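The values are calculated or read from the model by the stated rules, or taken from the named source; none is laboratory data. Since the model is a prediction, treat every value here as computed from it, not as a measurement. Please note: Cβ atoms are built from the backbone with ideal geometry, for glycine as well, and neighbour counts cover all protein chains shown. Just so you know, the surface numbers come from the protein's heavy atoms only, side chains and all, with ligands and any DNA or RNA stripped out. Shrake-Rupley method; radii C 1.70, N 1.55, O 1.52, S 1.80 Å.
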Amino acid sequence: MKIKNATIEFSNGSAIVKYPITPLILLEIKKNSLFNFQEMLFEDNLPSFFQKGNISISSESTNAAGFKDNEEFDIDPSQWQILGIEADDRLYPTFFLLRKEGKLPGSLKKAMLDFAVSRSTKSENLSKETEGQIKEVLSDILDLGADGEINEGQLENVVGKFISTIESKNQQNNPSTVIEKFLVDNNIPVDKENDCYYYTVKFKEYNWNVELGFSADKLDLIMYSSVSFKTIENITDLTLVDINELNQVIDKGHYEIDIDEQILYFKNEATINFLLFEVQLKKLVEESYAAMKVILPVLLKKYPDNISFFV
């Protein structure tokens, strides 16, 4: 593999090569697992698009013998490990870089445990009890004897084992049980048909229906919040413009209109993580509730004499 426009740094028997990349090059690295790429080894998920990017890789200095700054040279990707990727001036470090910089101190086992817990629960508001359960699961996986029995070169397989074991362990939980407990705890009366839950939300003078269920492959939790509408004049084209504008400014979910059935609905969904299912469910409900609270008053205020909603 040819590397261009690289800078090279040698230190303590190792070499660090840094060179510019584009989203297309990153896609190739991901697709072919170049430099032993595994996204789970990054502190955060990588962006798909960026304007300017760099990648830093590391190996033994013998694998960079004869390399010089800004000269083109051949490299064996299997002998190199990614330290980090920069995208639009933001650094996405890997476990290896965090460890190298002393940000994951202690034994290798402790560092791996801390990293895996942080990676698995990133941006999720988990209770201390849940975090403790995650640590117990990971600690069991990492219980491989004395510290040092795992070396840095084996880390990819071990971290991969973290994720697969956690998911396997938590697939034993029944998401329907979590949903039903949530509905009961929040005093929400529902009708259930197969694996779908139906209920009506009332907020001030506004009402709308909710359908909560799963994708066909059971991998996604999907929520539809809907309301029927009538118009005195044909203002569908105008409302479509309003909805498209709202869709451009919201981060989660999207609004749609079924013109033939005259139904306005908001759809949001999440790929199920069994470990974090309670958090995902709560967020989904909150997103849906907030979305409907926004759009109904907006449309009624804008078209007070031309549109009405009913369930």
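Modelled with pLDDT of 90 or more and touching a strand residue (DSSP E or B) at 6+ places or on another chain (Cβ under 7 Å): which single residue out of Pro93, Pro23 fits that description?
Numbers: Pro23 fails: touching a strand residue (DSSP E or B) at 6+ places or on another chain (Cβ under 7 Å).
Every option except Pro93 fails the conditions.
For segment 8-20, a residue qualifies if it is part of a strand (DSSP E or B), in contact (Cβ under 8 Å) with a residue 40 or more places away in the chain and not aliphatic (A, V, I, L, M), and the qualifying residues are Phe10, Ser14.
I want to confirm something. Restricting to segment 213-271 and keeping residues that are in contact (Cβ under 8 Å) with a residue 60 or more places away in the chain and under 18 Å from Tyr197 (Cβ atoms), which single residue is nearest to the chain's Cα centre (by Cα)?
Step one: list which residues in segment 213-271 are in contact (Cβ under 8 Å) with a residue 60 or more places away in the chain, which gives 221, 223, 225, 227-233, 235, 238-239, 242.
Then keep just the ones that are under 18 Å from Tyr197 (Cβ atoms); that gives 221, 223, 225, 227.
On the way: Leu221: 14, Met223: 18, Ser225: 23, Val227: 30 Å.
Across segment 213-271, the extreme among qualifying residues is Leu221.
Close contacts from segment 179-193, counting a first residue that is over 13 Å from Glu211 (Cα atoms) and a second that is open to solvent by 100 Å² or more (accessible area, probe 1.4 Å) and assigned to a helix (DSSP H, G or I), with Cβ to Cβ under 8 Å and a gap of 6+ residues or different chains, come to Phe182/Glu278; Phe182/Lys282. The residue that is surrounded by the fewest Cβ atoms within 10 Å (Cβ to Cβ), counting only those in segment 212-231 that are hydroxyl-bearing (Ser, Thr, Tyr) and part of a strand (DSSP E or B), is Thr231. One residue stands out in segment 21-52 among those that are acidic (Asp, Glu) and free of Cβ contacts under 8 Å to residues at least 12 places away in the same chain: the one that is least open to solvent (accessible area, probe 1.4 Å), namely Glu39.
Return the residues of segment 259-311 that are of a type in the set (S, T, N, Q) and either under 12 Å from Val227 (Cβ atoms) or in contact with a strand residue (DSSP E or B) (Cβ under 7 Å, 6 or more places away or on another chain) (or both); say none if nothing qualifies. Walk me through it before giving the result.
At the first step, the residues of segment 259-311 found to be of a type in the set (S, T, N, Q) are 262, 268, 271, 273, 280, 288, 306, 308.
Hits for segment 259-311 are Gln262, Asn268, Thr271, Gln280, Ser288, Asn306, Ser308.
When the criteria are applied in full, Lys202 fails the requirement of being within 23 Å of Lys302 (Cα to Cα) and either open to solvent by less than 50 Å² (accessible area, probe 1.4 Å) or in contact with an Asp or Glu (Cβ under 6 Å, 6 or more places away or on another chain) (or both).
Look through segment 214-225, keep the residues that are in contact with an Asp or Glu (Cβ under 6 Å, 6 or more places away or on another chain) and not β-branched (Val, Ile, Thr), and return whichever of them is modelled with the lowest pLDDT. Talk me through it step by step, then tell me what you get.
First, the residues of segment 214-225 that are in contact with an Asp or Glu (Cβ under 6 Å, 6 or more places away or on another chain): 214, 220, 222, 224.
Now narrow it down to the ones that are not β-branched (Val, Ile, Thr): 214, 220, 224.
Numbers: Phe214: 94, Asp220: 90, Tyr224: 97.
Ranking the qualifying residues of segment 214-225, first place goes to Asp220.
Scoring Leu284 on the criteria (1) assigned to a helix (DSSP H, G or I); (2) surrounded by fewer than 17 Cβ atoms within 10 Å (Cβ to Cβ); (3) under 18 Å from the mean Cα position of the chain (by Cα); (4) aliphatic (A, V, I, L, M) leaves a single failure, condition (2).
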